[in-house]
1. Keeping to the stretch B:371-383, report how many residues are surrounded by fewer than 19 Cβ atoms within 10 Å (Cβ to Cβ), part of a loop (DSSP other than H, G, I, E, B) and either more than 11 Å from chain A (Cβ to nearest Cβ) or modelled with pLDDT of 95 or more (or both).
2. Taking only the stretch A:167-179 into account, find how many residues are free of Cβ contacts under 8 Å to residues at least 40 places away in the same chain and surrounded by 16 or more Cβ atoms within 10 Å (Cβ to Cβ).
3. Please find, among B:375, B:436, the residue that is under 29 Å from residue B:20 (Cβ atoms), outside the structural domain of residue B:122 (by TED's automatic domain parsing) and either touching a residue at least 40 places away in the same chain (Cβ under 8 Å) or out of contact with any strand residue (DSSP E or B) (no Cβ under 6 Å at 6 or more places or on another chain) (or both).
4. In the stretch B:194-219, what count of residues is obtained for those that are surrounded by fewer than 15 Cβ atoms within 10 Å (Cβ to Cβ) and in contact with a helix residue (DSSP H, G or I) (Cβ under 7 Å, 6 or more places away or on another chain)?
5. Within the stretch B:419-431, is there a residue that is more than 28 Å from residue B:19 (Cα to Cα) and either in contact (Cβ under 8 Å) with a residue 60 or more places away in the chain or more than 10 Å from every other protein chain (Cβ to nearest Cβ) (or both)?
6. What number goes with the only condition from (1) crowded, with 22+ Cβ neighbours inside 10 Å; (2) in contact with a helix residue (DSSP H, G or I) (Cβ under 8 Å, 6 or more places away or on another chain); (3) more than 14 Å from chain A (Cβ to nearest Cβ); (4) not in a loop (DSSP other than H, G, I, E, B) that residue B:315 does not pass?
7. Could you tell me how many of the residues in the stretch A:231-258 are under 24 Å from the mean Cα position of the chain (by Cα) and crowded, with 22+ Cβ neighbours inside 10 Å?
8. Can you pull out the residues in the stretch B:71-96 that are more than 9 Å from chain A (Cβ to nearest Cβ) and closer than 19 Å to residue A:341 by Cβ?
């Protein structure tokens, strides 16, 4: 039994995933985001209220529930925003605002597995939640943090496409569209179905011909600067919510340009499926992987979190770690510089002197050098092969007349002192490699 | 709705947990163990076959399952050994043996929550799995690795108590006991119920008076060296499996003494509930927290993993991260040196010059200094209070006439250059503190 949609990597992929997550975490902390780990379960009530479709939710029950069963009504989280909202509501009196947190955990969705879509996958989220108001610059800061993190990894480049829900909502209201949520979800499919099919879908769903054409023209606007405002104005549609959205999006785009030129793009076709977004929304395409869908999405939510009489507006962005790794590992585009963390293998002459080998290993580890002792007192050739198969760069020989280290890449061997030998810094930890 | 048994820490506890997990991971990699992350679900068949009781298993179903539902028959893992066994069986042809892996993930058990027992908790496991045979010294190495990791954290000391399943099985066989598993589980309760009640429970379960006394005397043997062998011999019971177990336990104890004197103790009352152990078993008590139960358990399993005609004997040990943190955070014995990762807060004069503050922050982050920019251009006093409430040690002022840094602990302020200022190394990252 191997359930589909639950990916698991081989050891090399595991090392790559570990380094990717560590890099994200380090960069998030560098920007002052604190760690958060929440429980896997949420109440089914919360999940249903905030999810896209009930079918995606996994509920739990005990295999043999007894009468005291109090697990009823819990299911697995499908994102990290619902748990954040619940955590903030529960602990609002004990948190400091603005609350900056990152969270890197798996989420579960019972959808049909396909390329880029899994039933269990890791998300890496950062959010800023304010009390009463959101700090200036938050919506521009989040994509810059994520881009900084991704740039430190051997990954393709990214462009973050942004829109503002108010633009779409105001525009549709001005056109007299009533079922805004339904029409938003249709507009969201532009990239997938193309302009022709989109117009037809809009008409089939009760939007008049001329209005459908206007929707299409709006959704096709893409600009790297504030000139998108003029493009929208040229459509001749006017509405106060639309104006608010245009102003907000232009401001975020401008602040983003100051932090990192070229990262942000206004794309008025971005809608995002989830209902809880109220302002800026993000989607991110990995250069050269357009068909993979968004690898990094999010947005602003003003009404998701409730606690007492205060409002808790927030903004978040979520990196699809498994989606990125699934695509790159699946195409053999990423690898690790070796298959195990060990930098040194200490050879063993015979079981009687294993203790001497262990002592050398302890000396090396005390200086932060990942080291393992050979599992068996085999012939040296076999011990060297053990290291070679795993990509361990150095083999250490502890002999009665002194210590020697062999570099397996250059096949050279030198006398060394366990008290002060160090490998090159680049060999200390496993490196992620971009493969051709 | 806050389901009991699913603990979640406040931000300070989250930072402590993060540092504890990072330390374990770093030390595990220092010993050459590679990372493994497996999916949350296993087949219910596997879980039932290897679990202690069906009641503890959580199964999944989709809230609105349709006809194509293929999730039937999966449940959440209750430990990290069952997933390891399944991963090795599935990938045996693509792994290198001995396979050394660590795994730090939550597990789920539907049991009644109480001190030290949760429905969701983090385990940190290391295992060595051989093909055909297990490398010499593996059973002594694992407790030494864990002890090395725990010693780097401000935690109470540990003693690892060990037994060998063959001792108990051989001893019981020699006494004519037939339902060995049932009697093992009773013997395992010695610490909880005391000698009097234990003897009564054995007699109630069909063990004759004299034999029950012998079981009690065996279970009470505790020694830091191989002298436990003489204690067992003095009981006058003889059996080939018993002899094998005594020999193995004495060898592991001796090898352990060489790696780290005083860490290991033979305790012939340790049985461990799970059926799959076949040799050495471990339990670990945190000094001063005897009632908490074992914080680090495991053992050797010769027949758990099957793949083709080869045998895959393994040995593993599992640190109960949530059990340890629950006890220490709950008693306010652990804290963090600050409440956020940020080492520096860059103050903002007004929104027009926010860009200058962001540039200073970027310079500091490029040198690895966790930095956030003040959320608002408030009065300096308010910005200093923001840093102070979070324990951020330094506030940076970017003024037209130059830069200044204020150390909030000494309340002193100095002119500085953003191109080369560095905080003391101990302020760079959040430290875990042992509280009185």
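The values are calculated or read from the model by the stated rules, or taken from the named source; none is laboratory data. Fair warning: this is a prediction, and the values are worked out from it, not measured in the lab. Here the Cβ is made from the backbone with ideal geometry for all residues, glycine too, and neighbour counts use every protein chain on show.
1. Residues of the stretch B:371-383 that are surrounded by fewer than 19 Cβ atoms within 10 Å (Cβ to Cβ), as a first pass: B:376-382.
Filter once more, so that each one left must be part of a loop (DSSP other than H, G, I, E, B): B:376-379.
Of the ones still in play, those that are also either more than 11 Å from chain A (Cβ to nearest Cβ) or modelled with pLDDT of 95 or more (or both) are B:379.
Of the residues in the stretch B:371-383, 1 are surrounded by fewer than 19 Cβ atoms within 10 Å (Cβ to Cβ), part of a loop (DSSP other than H, G, I, E, B) and either more than 11 Å from chain A (Cβ to nearest Cβ) or modelled with pLDDT of 95 or more (or both).
2. Initially, the stretch A:167-179 is screened for residues free of Cβ contacts under 8 Å to residues at least 40 places away in the same chain, giving A:176-179.
From the residues that got through so far, the ones that are surrounded by 16 or more Cβ atoms within 10 Å (Cβ to Cβ) too are A:177.
Of the residues in that region, 1 qualify.
3. Sole residue among the options that is under 29 Å from residue B:20 (Cβ atoms), outside the structural domain of residue B:122 (by TED's automatic domain parsing) and either touching a residue at least 40 places away in the same chain (Cβ under 8 Å) or out of contact with any strand residue (DSSP E or B) (no Cβ under 6 Å at 6 or more places or on another chain) (or both): B:436.
4. 4
5. Keep residues of the stretch B:419-431 that are more than 28 Å from residue B:19 (Cα to Cα), which gives B:419.
Still in the running and either in contact (Cβ under 8 Å) with a residue 60 or more places away in the chain or more than 10 Å from every other protein chain (Cβ to nearest Cβ) (or both): B:419.
Within the stretch B:419-431, one or more residues are more than 28 Å from residue B:19 (Cα to Cα) and either in contact (Cβ under 8 Å) with a residue 60 or more places away in the chain or more than 10 Å from every other protein chain (Cβ to nearest Cβ) (or both).
6. Here residue B:315 clears every test but (3).
7. Residues flagged as under 24 Å from the mean Cα position of the chain (by Cα) and crowded, with 22+ Cβ neighbours inside 10 Å within the stretch A:231-258 amount to 4.
8. B:80, B:84, B:88
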